[in-house]
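Notes for the one structure printed next.
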Amino acid sequence: MKTISKRALILYAIILLFLAGCGLLFYNLVTNSSDWAMNRVNKHLYSSGSLATAGDVKDANGIVLATTQNGARAYNQSKNIRLSTLHTVGDNAGFIASGIQTSFKDELTGYTLVDGVYNLKRYGKGNDITLTINSNVCATAYKALGERKGTVAVMNYKTGELVCIVSTPTYDIMNKPDDILTDTTGKYDGIYMNRFFSGLYTPGSTFKVITAACAIENIPDIYTRTFECEGKIQIGEGYVICSGTHGEINFEKAMNKSCNCAFATIADELGSEKLTATAERLGFNTKNLIVSDKIKCAKSKLNLTESAPLDIGWAGIGQYTTLINPCQMLTMISAIANNGTAVSPYLVSEIKNPEGEVTFFEKTETLGEFFSPSVAQSLDNLLRSNVKNQYGDSYFKGMDMCGKTGTAEISDDEDAKPNALFVGYSNNEDMPFAIIVVVENTTSAIKSAVPIASAVMREVKTEYTN
Ligand SMILES: [Zn+2]
């Protein structure tokens, strides 16, 4: 008896080991099989290390942005569309990590865990992906940015559809420059990065929207206060400098004129805890936005721990160590336009299998209430007042445009040029679109970012309204 039970025990141990081995194998299969099949040596998918056979990538109107012709990847015939959609579509060697051709390579090649690349061999192509972007709006945004580095994006603030994403510098995928690796002039800095998803920028005065939200929520008499601006103001141990000398102004005028003295005073009164609480509710420090389930955005940052009052004053006007991610900022400004409720931005609207059946389509998802409806309405009034009384409705005819500019100092060097930003949206029912513009190393926002926003929103109006 004793011998038999010993044998049984050994047998059980062997069975257990076998099952554990099976489990490990299955785990590895699930987690790594995509990479194994997608390995660049797999001749079915790649030719000379490049993605060759895959489905089409189309814009929202069905315009083909990338396809496969004669065993090689081919792109849209318009050079401006190729340049403006490069970072969204991605390259065919995976340098642009957030590009659709890299982040959705399984879908494009038709790879599945069960069938492997069987569908690809059977149909000679993978799934087709339709994006939310409008390539005409992208081309217009690219032309408006010109040679300058930066990003422009437009989102439907009711649905979350991203209708424009442009990041510069860019290059023509049909004629890639061969000096990208050897260049020392800096013209290709961050060329493989999509600045909209991965960039982090000093927000400058666009952050005053967040300081204003915090003030409306926490200072009951904010609208009857007056502020004194003599061009600079002492906060704690030092001074915050203003862009002008605005004299005695109220809250709305302080927003219109973007008065640093008023907003540094407000930030100092609010203090680090309240400012941080408002910013974190909007995603600062806490959340990476994930676009279309696969593209992870950089996280906006506000760090006021152990900050002196002067630092908090500078942070309240969007300087100090504060950094914003453009996609997160666009989501925030969209929430104001959408009565306080934020929607999740997305880029992929539909995936069709080789037989033409829709296997996936995106639905609008909410990220929750960023602002109460009444705070959103108050912010909306301030942002509308900015465009009407300061930037000029002539830039945005018939759009009921709301917005805020920012000219962010990024260096103590007096010769350094600032970054210019604009965030805003149209209040028209038939044009529910919000925009962000970031232009690096340029002039003031009113001179550089506002005209770009104007050109892009006019194109949006042409494309989306009658
Ligand atoms: Zn001022």
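The values are calculated or read from the model by the stated rules, or taken from the named source; none is laboratory data. From a predicted model like this one, the values you see are computed outputs, not experimental measurements. We place every Cβ from the backbone using ideal geometry, glycine too, and count neighbours over all the protein chains shown. Heavy atoms of the whole protein, side chains included, go into the accessibility calculation; ligands, DNA and RNA do not. Shrake-Rupley method; radii C 1.70, N 1.55, O 1.52, S 1.80 Å.
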Review point. Taking 0.36 nm per residue of separation and subtracting the Cα-Cα distance, what length does fully extending Lys388 through Asn250 add?
Key: 48.0 nm
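Counting every Cα pair in the range 166-267, what percent are over 24 Å apart?
Tail of the P(r) past 24 Å holds 46 percent of the pairs.
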Review point. How high is the relative contact order of the range 152-464, given as a whole-number percent (alpha carbon pairs under 8 Å, six or more residues apart)?
Key: 20
Check your understanding: In the range 152-464, carbon and sulfur make up what percent of the accessible area (probe 1.4 Å)?
Key -> 46
Review point. Which links in Lys158/Lys294; Lys208/Lys363; Lys397/Lys447; Lys257/Lys397 stretch past 23 Å when you go from one Cα to the other?
Key: Lys208/Lys363
Check your understanding: To the nearest 10 degrees, how steeply does helix 373-386 sit against the main Cα axis of the chain, on a 0 to 90 scale?
Key -> 60
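Enter the per residue convex hull volume of the chain, computed from alpha-carbon coordinates, in Å³ rounded to the nearest integer.
On the way: hull volume 96.9 nm³, N = 466.
Considering the Cα atoms of the chain, their hull volume per residue is 208 Å³.
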Exercise for review: With everything on Cα atoms, drop me the angle between helix 326-337 and the longest principal axis of the chain, reported from 0 to 90° to the nearest 10.
Suggested key: 60
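Magnitude of the Cβ-charge dipole of the chain, K/R +1 and D/E -1, about the Cα centre, nearest 20 debye?
Around 1600 debye, computed over the chain.
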Exercise for review: Return the ratio Rg/(2.2 N^0.38 Å) for the range 327-444, where Rg is computed over Cα atoms only.
Suggested key: 1.32
**Study point:** Test item: Cα-centred dipole of the range 163-243, Lys/Arg +1 and Asp/Glu -1 on Cβ, debye
**Key:** 140
Practice item. Give me the accessible area per residue for the chain, probe 1.4 Å, as a whole number in Å². Key: 45
Exercise for review: Between the alpha-carbon centers of the range 167-234 and the range 254-329, tell me the distance in whole angstrom.
Suggested key: 12
Study note, to complete from the structure: Expected unfolding gain across Tyr12-Asn288 under the 0.36 nm per residue rule, minus the alpha-carbon gap, is 94.7 nm
